[in-house]
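Participant: Pasting a structure here, questions to come.
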Amino acid sequence: MALFGRSSRAERRGTPFSALIVGVGNPGREYEGSRHNVGFEVIDELARRASVSLKASRDKCLLAEVHTDFLHYLLTKPMTFVNNSGQSVGPIARRYGIGEIHRVVIVHDELDLAPGVVRVKVGGGLAGHNGLRSITQHLKSQDFVRVRIGVGKPPSKEQGGEHVLGRIPTAERQLLDIAVQRATEATELILKHGADTAMQQTNAD
């Protein structure tokens, strides 16, 4: 499925990028290490493994282009805060000619999964995640690939904000550190072998 309608034309020419990998999170030191920022942590790990640095982009994000012998893809961390992630993702996808929704991979925290669980999914609902809702609005589709990192549910809906933004107990933080590595590996599987293979290998655990 093409994004943005048939009349849209990519601004960027040259090396085509096979995928746009987006980590959802909030900018600022006060949010580092929070449940809501596990997507950022995966992007940082992918950048470390690819030996690239994320740099400020005009598309309200930190961005890195990755070029290997076989893969060319984009890593990005929107700087718009989670609820407005689409304000960055939409312009990046247009500028770099990411015109097919299956080439967009969103890495995000997931309340409906237990802490530390990692799952790959294509399309589906938004599960109340405002970041996914914003991205859907700007891409005009919710059929993007998701790498979901479980952070568990808060005791009540009223504590949702505190749950995703507050401090994490040490034992759970250790689970999330492992999950970030697993989510990084799942994303690499998507890049190298496609979402179906990543689902089979990651979701079997």
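The values are calculated or read from the model by the stated rules, or taken from the named source; none is laboratory data. None of the values given here were measured: they were computed from a predicted structure. Cβ placement follows ideal geometry from the backbone for every residue including glycine, while neighbour counts extend to all protein chains displayed.
Participant: Assuming Gly116 fulfils every condition listed in (1) at negative phi; (2) modelled with pLDDT under 95; (3) not acidic (Asp, Glu) apart from one, which condition is it?
Facilitator: (1)
Participant: Can I ask one more? Search region 138-165 for residues being touching a helix residue (DSSP H, G or I) at 6+ places or on another chain (Cβ under 7 Å) and over 24 Å from Thr184 (Cβ atoms), and hand back the single one that is modelled with the lowest pLDDT.
Facilitator: Pro154
Participant: So which residues in region 97-109 are surrounded by fewer than 23 Cβ atoms within 10 Å (Cβ to Cβ) and not hydrophobic (A, V, I, L, M, F, W, C)?
Facilitator: If the condition is that a residue be surrounded by fewer than 23 Cβ atoms within 10 Å (Cβ to Cβ) and not hydrophobic (A, V, I, L, M, F, W, C), then Gly97, Gly99, Glu100, His102, Arg103 are the ones that fit.
Participant: Also, quick follow-up: Filter region 42-86 down to the residues that are of a type in the set (Ser, Thr, Tyr) and in a loop (DSSP other than H, G, I, E, B), then identify the one that is surrounded by the most Cβ atoms within 10 Å (Cβ to Cβ).
Facilitator: Out of the qualifying residues, it is Ser85.
Participant: When you go through Ile178, Ile135 one by one, which is the residue that is aliphatic (A, V, I, L, M), touching a residue at least 24 places away in the same chain (Cβ under 8 Å) and out of contact with any helix residue (DSSP H, G or I) (no Cβ under 9 Å at 6 or more places or on another chain)?
Facilitator: Within the list Ile178, Ile135, the selection yields Ile178.
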